[in-house]
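Below is one structure, written out as structure tokens, with a few remarks after it.
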Amino acid sequence: MNVVVIVTDSLRADHTGYMKLGGRARTPNLDRLAAEGTVFEHYYPEGLPTLPVRTAWWTGLWTFPVHGWRPFQLSDVLLAEVLWDQGYTSALVADTYHLHKPVYGAGRGFDTVIWIRGQEYDPWIVNVDVDLDASPHHRLRGDESDQHWRPLFEQYLRNATTLRREQDHYIARTVTAAIEWLEQATQRQKDRLFLWVDCFDPHEAWDPPEPYWSMYKPAGYSGAEIIDPVPGPVQGYMTPEEVERTRTLYAGEVTLVDAWVGRLLDRVRQLGLYDNTLIIHVSDHGEPFGEHGIIRKAMALNYDELVHAPLAIRHPQGVGAGTRVSALVQSVDLMPTILDFLGLPLTLEQQYRAPARDLFPQDMVAATKTVELEGRSLLPLIAGRQRKIRDFAYIGHYGRSWTIRSDQWSFHMFLPNGERQLYDLCDDPSEQRDVFKDQQPIARDLELELRRLVDTVRRQRGVVE
């Protein structure tokens, strides 16, 4: 059996057709895949943003109680390494440039790693002069944040000088590279392949080519078209109409992504892999567009627009085809699901090489690491053998905010100032009416459950705070 994982970064649940939450962008190719598999209606990352989510995906372990954004550690036992040890031929194809930064070690365990350069503020094109003030699609805030954002926006403009055709856009280049790897790999084998395609789109900047640029544009709109807003409060920076236009640019980017993911899925079918491959579509998180007064991922606000993401899994033998699962599932569940599908144990005995002493790291000694995965396989949900695998979803920005969600409630703790909020998701799914003061017993019970999880994880990792 094979495994193909397709990541589309920053894709909101309500902009993914198969999630059936309003269809704010058209995604026919992803919808077709999901219709042949299992849709998870309540999937949430546990630690945010980009790197913590991928750490949870690749280790099956909680992150937010113990660490935030950081490189992969020597002692981490990564999914690709486990599969490498089982004889899988693997590739990571990614334009998520954070993974490519020095010291992060994101390519460990993969036989082939292909980096597509140029996304967002990647220092790729460095020898081109640009004039940010002449760009109609960027806007600074006119405060102390300009010093930080001006050079980043200028770097984006340098990179964007390469975007002459649709085929030049990063999603197109990423999918093309993934297809080329599959074509080469299948000349040797059509079994025991592992492909992880990490697409940074539809992450900002939202600058799709036509026809996607105009696809969702409001009728009669003639105002500013801001492709890359400075993260933070909307008030005083963008009008509601400008925010909506930016959201429609994002929607266009989503449909562009869907079109190219469709090409990848078509090639998987043509190569005879479709019915021998577990295919997973997932995102790391969503994207705020003013729902709680901010635009972009500016603050550690774990509300639905940020933390509710799409997840669909197509089993090659048709298990769970056409079903929808309402159970709470999380990013830590991805690795256990893949290992379970491949018949591999969820308790890992992994040998690795570790420095014998700090001063002479070239002196290495063998070590053995036993890892009990903290996530849970989703296969029992897909097969209908279980209705749920947990009572709560746990979400956090390390050191900034913690959240616990049940089927009815979401409880938020903001760690720096101690503020607490509670929302009734049945009556208020968009989390606009804080009922913390009116529902103190429920809030206390949820906080206790949240602290139990945090304390358990910290104790197991030997973290003392």
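The numbers here are math on the coordinates, done by the rules we state, and not lab data. Being a predicted model, the structure only gives us computed values, none of them experimental. Glycine also receives a Cβ, built like all others from the backbone with ideal geometry; neighbour counts cover every protein chain displayed.
Worth a mention:
- Value of relative contact order over the chain, rounded to a whole percent, pairs C-alpha under 8 Å and six or more apart: 24
- Summarising the strand pairing of the chain, around 55 percent of its internal DSSP beta bridges are antiparallel.
- For a modelled paramagnetic label at residue 20, 7 Å from Cα along Cα-to-Cβ, the residues of the stretch 308-325 in reach, with backbone nitrogen under 11 Å, are 323-325.
- Least to most buried among 176, 50 (fewest other Cβ within 10 Å first): 176, 50
- Bins of 10 Å, starting at 0 and running to the largest distance - Cα pair percent for the chain: 4, 20, 31, 27, 15, 3, 0
- Extended-chain gain in nm, criterion 0.36 nm per residue less alpha-carbon gap, residue 187 and residue 161: 5.8 nm
- P(r) tail fraction, the stretch 212-320 - alpha-carbon pairs more than 19 Å apart, %: 58
- Once the chain from residue 456 to residue 147 is taken as fully extended at 0.36 nm per residue, the excess over their C-alpha distance is 107.1 nm.
- Based on Cα contacts under 8 Å between residues 6+ apart, the stretch 400-465 shows a relative contact order of 22 percent.
- Considering helices alone, the calculated mean residue ellipticity of the chain at 222 nm is -8500 deg cm²/dmol, with DSSP H runs of length four and up weighted by -39500 (n - 2.57) and normalised per residue.
- By the beta-carbon count within 10 Å of each Cβ, the least crowded to most crowded order of 245, 390, 452, fewest first, is 452, 390, 245.
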